[in-house]
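A.B. asks: Take a look at the following structure, please.
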Amino acid sequence: GENVEQHPSTLSVQEGDSAVIKCTYSDSASNYFPWYKQELGKRPQLIIDIRSNVGEKKDQRIAVTLNKTAKHFSLHITETQPEDSAVYFCAAFRNKLVFGAGTILRVKS
Amino acid sequence: ETGVTQTPRHLVMGMTNKKSLKCEQHLGHNAMYWYKQSAKKPLELMFVYSLEERVENNSVPSRFSPECPNSSHLFLHLHTLQPEDSALYLCASSQERSPGEAFFGQGTRLTVV
């Protein structure tokens with residue numbers, strides 16, 4: 001079955017800097033790759049997603065890139081702000097959503 | 001409100017108790033999931049139901065028993081749990097075969113004493 005690995009497990013950045021979180025997946029048939037943000041005490045919520053026929057997608061300060069050949073995808077957050085502090089999960093979908101282990105992002109002001 | 005509702009929000013149960021968690025979605029989705037969230041494994045897939053049929057049982061102990069009576073409702077029946085089963089249990093729904101956003105419920109915080 002699908003296996004998703006996510007790195008790093010924790011990431012601390014200074015406010016205004018960029019943050020990058022990387023994920024790899026094992027099933028080459030996976031065709032949908034969402035990213036979720038979970039704030040403390042809240043449910044995970046979708047922030048951006050990408051499908052396998054697209055290489056890059058951007059939404060304001062966040063962007064996701066996908067390399068199907070290498071089976072990895074990344075989340076990029078630019079100009080980080082304290083409210084970006086949360087746990088971020090990547091996921092890969094073929095017949096079900098399988099999540100990575102999460103990255104705790106801390107943005108220091 | 002995302003359209004996925006879980007009850008109860010908090011549950012404390014003894015190891016000999018039997019309880020059920022409930023999840024309800026009104027998004028027209030046909031796939032529903034149970035995830036366990038703990039410090040050890042942040043989002044661990046437990047069960048997947050697609051078109052009311054269980055399509056995934058991720059090596060979950062038999063003390064957890066899911067039920068999906070229709071595409072809008074999902075239950076997780078609990079009996080003789082262990083303290084290590086204490087965790088946040090999250091339900092999610094999505095549209096199978098046409099992958100898109102999965103919506104999560106608020107979760108049930110379960111404590112086994």
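A.B. asks: For the range B:25-70, what are the residues that are β-branched (Val, Ile, Thr) and surrounded by 14 or more Cβ atoms within 10 Å (Cβ to Cβ)?
C.D. replies: Residues satisfying the conditions are B:Val48, B:Val60.
A.B. asks: Output the residues belonging to the range A:74-89 that are more than 17 Å from B:Gly100 (Cα to Cα) and assigned to a strand (DSSP E or B).
C.D. replies: Answer for the range A:74-89, where residues must be more than 17 Å from B:Gly100 (Cα to Cα) and assigned to a strand (DSSP E or B): A:Ser74, A:Leu75, A:His76, A:Ile77, A:Ala86, A:Val87, A:Tyr88.
A.B. asks: Of all residues in the range B:1-23, which are closer than 19 Å to A:Lys42 by Cβ and touching a residue at least 40 places away in the same chain (Cβ under 8 Å)?
C.D. replies: B:Thr2, B:Gly3, B:Val4, B:Thr5, B:Gln6, B:Thr7, B:Pro8, B:Arg9, B:His10, B:Leu11, B:Leu21, B:Cys23
A.B. asks: Right, something else. When only residues in the range B:47-61 that are assigned to a strand (DSSP E or B) and away from chain A (no Cβ under 11 Å) count, which is farthest from the chain's Cα centre (by Cα)?
C.D. replies: Here the answer is B:Glu53.
A.B. asks: In the range A:90-109, which residue that is part of a strand (DSSP E or B) and surrounded by fewer than 17 Cβ atoms within 10 Å (Cβ to Cβ) is nearest to the other protein chains (Cβ to nearest Cβ)?
C.D. replies: Result: A:Ile104.
A.B. asks: Any chance the range A:6-23 includes a residue that's closer than 29 Å to B:Tyr89 by Cα and part of a loop (DSSP other than H, G, I, E, B)?
C.D. replies: For the range A:6-23, residues closer than 29 Å to B:Tyr89 by Cα and part of a loop (DSSP other than H, G, I, E, B): present.
A.B. asks: Pull up the range B:79-93, narrow it to residues that are more than 13 Å from the chain's Cα centre (by Cα) and closer than 17 Å to B:Lys22 by Cβ, then point me to the one that is surrounded by the most Cβ atoms within 10 Å (Cβ to Cβ).
C.D. replies: Selected residue: B:Leu81.
A.B. asks: So which residues in the range B:29-38 are touching a residue at least 60 places away in the same chain (Cβ under 8 Å) and assigned to a loop (DSSP other than H, G, I, E, B)?
C.D. replies: Scanning the range B:29-38 gives B:His29, B:Asn30.
A.B. asks: Can you confirm whether B:Ser38 is polar (S, T, N, Q), facing chain A (nearest Cβ under 10 Å), closer than 26 Å to A:Gly41 by Cβ and touching a strand residue (DSSP E or B) at 6+ places or on another chain (Cβ under 6 Å)?
C.D. replies: no
A.B. asks: Still on this structure: So, in the range A:41-67, how many residues would count as being within 12 Å of chain B (Cβ to nearest Cβ) and either assigned to a strand (DSSP E or B) or under 20 Å from A:Ser85 (Cβ atoms) (or both)?
C.D. replies: Of the residues in the range A:41-67, 11 are within 12 Å of chain B (Cβ to nearest Cβ) and either assigned to a strand (DSSP E or B) or under 20 Å from A:Ser85 (Cβ atoms) (or both).
A.B. asks: Any chance you could count how many residues in the range A:4-63 are among the β-branched types (Val, Ile, Thr), out of contact with any Leu (no Cβ under 6 Å at 6 or more places or on another chain), surrounded by 13 or more Cβ atoms within 10 Å (Cβ to Cβ) and touching a residue at least 60 places away in the same chain (Cβ under 8 Å)?
C.D. replies: Looking only at that region, the number is 2.
A.B. asks: Return the residue satisfying two criteria in turn: it lies in the range A:75-89 and is in contact with a strand residue (DSSP E or B) (Cβ under 7 Å, 6 or more places away or on another chain) and either over 17 Å from A:Gln38 (Cα atoms) or at the interface with chain B (Cβ under 10 Å from one of its Cβ atoms) (or both), and of such residues it is surrounded by the most Cβ atoms within 10 Å (Cβ to Cβ).
C.D. replies: Looking at residues that are in contact with a strand residue (DSSP E or B) (Cβ under 7 Å, 6 or more places away or on another chain) and either over 17 Å from A:Gln38 (Cα atoms) or at the interface with chain B (Cβ under 10 Å from one of its Cβ atoms) (or both), I get A:Phe89.
A.B. asks: Here's a follow-up. Looking at this structure, is B:Ser65 in contact with a Leu (Cβ under 8 Å, 6 or more places away or on another chain), polar (S, T, N, Q), assigned to a strand (DSSP E or B) and under 21 Å from B:Lys19 (Cβ atoms)?
C.D. replies: Considered against the rule, which asks whether it is in contact with a Leu (Cβ under 8 Å, 6 or more places away or on another chain), polar (S, T, N, Q), assigned to a strand (DSSP E or B) and under 21 Å from B:Lys19 (Cβ atoms), B:Ser65 comes out as yes.
Rule-based calculations on the coordinates, nothing more; no lab input. These numbers were taken from a predicted model, which means no experiment stands behind them. Using ideal geometry, Cβ is built from the backbone for each residue, glycine included, and neighbour counts are taken over all protein chains shown.
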